[in-house]
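This report concerns only the one structure given below.
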Amino acid sequence: MLTIGDFSRICRVTPRTLRYYDALGLLCPQAVGENGYRYYRQEQLSDLVKIQRLKGYGFSLGEIKPLLELEDSQLLPYLRQKRQTMRAELEEKKTAIGQVENEILRMEGKNFMENLYHVVLLGEPEQRVFSIRKTIGIDGYHELFNELRAEAKKQGLQQAGPVQMLYYDVSFDPAGSDVEAQMVVAQDAPGVRLSPAHTRAAVLHKGAYGNLHHAYEALCAWLAEHTEYRVCGPAMDRYLNDPHNVSEDELLTGVSFQVEKAKY
């Protein structure tokens, strides 16, 4: 048997932490003497190692308690899920680091966003579009485009331009957006309408869709500096290549706002 001091010294965990684990029922001493001294079996070092490892993986002490009773085969799904969560958090951190670096460059007089995103005014011509409009969450966008393509094929429509997503929400709500998936087509048919000519302030985004917010930030910065223009229609993401045929880094998306000259 090991005293709490011996156990603490061997595993390099303070007696205070061991007493806290005891109070939580995570790691209880094998015996408690009449004098209140705690005694541990040497075999319990493996339990302590498991607790510390799981804690290092980001599990809370409350989550760890039931995991200690599991065999490796039962614990494996929890570790896989934690790995997925950690990877997602890492990507968020990478994005945040990139934003901080860009802000530092801007403050140092090196506006990275201006170099990366060149805002242009595009004269959008009149065009025929076939579309489906729904209120859905972001996770439903892919299926909406599949539905759009299937319906276009059913009607024998020939695609004559890119597919694009328009956003009609009064306020931003990623869980339930009022969106319209559009396909530019070559001929008239039921459900096809003429989209009138208009002007758009646009940038080209290269890379993952998850980073499109950088393009929107560049557009917002441009609008803040060019108050002679105002937004007069929905935002639009225009998908210029197929994610099934190119890598995520090579994806090209045109991001734009419909604008007009402000009337004073």
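All conditions in (1) out of contact with any helix residue (DSSP H, G or I) (no Cβ under 8 Å at 6 or more places or on another chain); (2) farther than 30 Å from Ala218 by Cα; (3) of a type in the set (Val, Ile, Thr); (4) at pLDDT 90 or above hold for Thr85, with the sole exception of (2). Put simply, of Leu157, Leu166 the only residue that is out of contact with any His (no Cβ under 8 Å at 6 or more places or on another chain), without any contact (Cβ under 8 Å) to a residue 40 or more places away in the chain and buried (at least 16 other Cβ atoms within 10 Å of the Cβ) is Leu157.
So which residues in the stretch 49-68 are under 21 Å from Phe7 (Cα atoms) and either surrounded by fewer than 13 Cβ atoms within 10 Å (Cβ to Cβ) or at pLDDT below 90 (or both), if there are any at all? Residues satisfying the conditions are Val49, Arg53, Gly56. Residues in the stretch 242-257 that are of a type in the set (S, T, N, Q) and surrounded by 13 or more Cβ atoms within 10 Å (Cβ to Cβ): Thr253, Ser256.
Please indicate, with yes or no, whether at least one residue in the stretch 239-249 is assigned to a loop (DSSP other than H, G, I, E, B) and under 19 Å from the mean Cα position of the chain (by Cα). Give the steps one after another, and end with the answer.
Step one: filter the stretch 239-249 for residues assigned to a loop (DSSP other than H, G, I, E, B), giving 240-247.
This time we only want the ones that are under 19 Å from the mean Cα position of the chain (by Cα), so: 243, 247.
Within the stretch 239-249, one or more residues are assigned to a loop (DSSP other than H, G, I, E, B) and under 19 Å from the mean Cα position of the chain (by Cα).
In contact (Cβ under 8 Å) with a residue 12 or more places away in the chain, out of contact with any Cys (no Cβ under 9 Å at 6 or more places or on another chain) and not in a strand (DSSP E or B), is that true of Phe130?
Taking the combined requirement at face value, the residue does not satisfy it.
When the residues of the stretch 209-238 are filtered to those that are at pLDDT 90 or above and charged (D, E, K, R), the one that is surrounded by the fewest Cβ atoms within 10 Å (Cβ to Cβ) is Glu228.
The values are calculated or read from the model by the stated rules, or taken from the named source; none is laboratory data. A quick note: this is a predicted structure, and the numbers were derived from the prediction, not measured. Because the Cβ atoms are built from the backbone with ideal geometry, glycine has one as well, and the counts that use them run over all protein chains shown.
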